[in-house]
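**Q** Got a structure for you, questions after.
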Number of protein chains: 6
Amino acid sequence: MPTITVEGPPIPDIERKRQLVKRLTDVAVEVYRIEHITVLIRENAPENVGVNGQLIADRKKK
Amino acid sequence: MPTITVEGPPIPDIERKRQLVKRLTDVAVEVYRIEHITVLIRENAPENVGVNGQLIADRKKK
Amino acid sequence: MPTITVEGPPIPDIERKRQLVKRLTDVAVEVYRIEHITVLIRENAPENVGVNGQLIADRKKK
Amino acid sequence: MPTITVEGPPIPDIERKRQLVKRLTDVAVEVYRIEHITVLIRENAPENVGVNGQLIADRKKK
Amino acid sequence: MPTITVEGPPIPDIERKRQLVKRLTDVAVEVYRIEHITVLIRENAPENVGVNGQLIADRKKK
Amino acid sequence: MPTITVEGPPIPDIERKRQLVKRLTDVAVEVYRIEHITVLIRENAPENVGVNGQLIADRKKK
């Protein structure tokens, strides 16, 4: 602990995942003053996320 | 917010996902009287879910 | 399974919780064609939720 | 309920998943004295998990 | 990682929480062969959990 | 989406929560290049978290 879970769209580029983990961890270390931080990245397919009643997959088609 | 996460078995048909997102959102809008609703659908493989100590994958084999 | 988790603001009225659980369950039963549904309601204090970088607690003050 | 969610690395062997579900359930039944237990196993790719600011995927390369 | 989250009813007795954490951890260490395990216990009020469309709080009243 | 959930110990100071939300959001906006970010802070009581088989509450007693 702390554990940070990020739910978002897929991130195709591992360098961006590296940045995300590194920078979220830096923020958490400073705010919590605790060293041991875990980050989980969850990549959600556009057909599994709905915003305001509509699938992201359908929004993109337009 | 609100965010609704649904953990369930795989849904093979995108039309059913569309219905799920649309209808869960309608309920949440009415009950919370808030417009911005996100729905996350999680599809769990039968070998990653256990009910009462037994994998769903094993139950299906019988 | 399925399990539906709703993250939202506090709901002060148990009758609205009753409605939320009842109606989300009805939707899930129809879409999944599975009878056993669990719903978890999470009530988040406004000082523990940030939207677009700002705490809900701060937004309300204005 | 109760529902136990395990976030971990991939488990390549279904027999180990079987053991995990069986044994976590046994513990929960004893402690909660409730029979109906669900276990969800989540397998996280090493490029989606960061520990102390570093992706597991990068740690393994060394 | 691994992180084990247990969603259940309130546990009024800290000794039972101690047992829960100790024993879930033992199982996870054996199955994952990883030493660092975190367990989160979540206690859900009966008015925030619905099973099959009914709040636990209402079920208890009968 | 994206939604960032932080599981950690209690944060007694709202200014630190403000900082946490603001800075996690800034990171997410940059990495995802998406504007709409939600952050949920979860504060876990020391008797509800176990690390390596021991409750945090017990560790503090020593």
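The values are calculated or read from the model by the stated rules, or taken from the named source; none is laboratory data. Not measured: the values here are computed from a predicted model. Cβ placement follows ideal geometry from the backbone for every residue including glycine, while neighbour counts extend to all protein chains displayed.
**Q** Answer with yes or no whether B:GLY53 is over 18 Å from F:MET1 (Cα atoms), surrounded by fewer than 18 Cβ atoms within 10 Å (Cβ to Cβ) and not β-branched (Val, Ile, Thr).
**A** yes
**Q** Right, next: Consider A:VAL21 carefully, then state whether it is within 30 Å of F:ALA57 (Cα to Cα) and either at pLDDT 95 or above or in contact with a Gly (Cβ under 9 Å, 6 or more places away or on another chain) (or both).
**A** Yes, satisfied.
This table checks each residue for (1) of a type in the set (D, E, K, R); (2) part of a helix (DSSP H, G or I); (3) in contact (Cβ under 8 Å) with a residue 24 or more places away in the chain.
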{"position": "C:ILE11", "(1), (2), (3)": "no, no, yes"}
{"position": "C:VAL21", "(1), (2), (3)": "no, yes, no"}
{"position": "C:VAL27", "(1), (2), (3)": "no, yes, no"}
{"position": "C:VAL31", "(1), (2), (3)": "no, yes, no"}
{"position": "C:GLU47", "(1), (2), (3)": "yes, yes, no"}
{"position": "C:ARG59", "(1), (2), (3)": "yes, yes, no"}
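**Q** For the range D:20-35, enumerate the residues that are among the basic types (Lys, Arg) and under 15 Å from the mean Cα position of the chain (by Cα).
**A** D:LYS22, D:ARG23
**Q** Among F:ASN48, F:ASN44, which is the only one that is crowded, with 19+ Cβ neighbours inside 10 Å, within 14 Å of chain E (Cβ to nearest Cβ) and among the polar types (S, T, N, Q)?
**A** F:ASN48
**Q** Let me ask something else. If only one of F:ILE4, F:ILE14 is within 17 Å of A:ARG33 (Cα to Cα) and of a type in the set (A, V, I, L, M), which one is it?
**A** Just a single option satisfies the conditions, and that option is F:ILE14.
**Q** Scan the range C:6-41 residue by residue and report those that are farther than 15 Å from E:ALA45 by Cα and of a type in the set (A, V, I, L, M, F, W, C).
**A** Matches in the range C:6-41: C:LEU20, C:LEU24, C:VAL27, C:ALA28, C:VAL29, C:VAL31, C:ILE34, C:ILE37.
**Q** Looking only at the range F:1-41, count how many residues are at the interface with another protein chain (Cβ under 7 Å from one of its Cβ atoms), basic (Lys, Arg) and surrounded by fewer than 22 Cβ atoms within 10 Å (Cβ to Cβ).
**A** Of the residues in that region, 4 qualify.
**Q** Further question on the same structure: Got at least one residue in the range C:36-52 being under 15 Å from the mean Cα position of the chain (by Cα) and acidic (Asp, Glu)?
**A** yes
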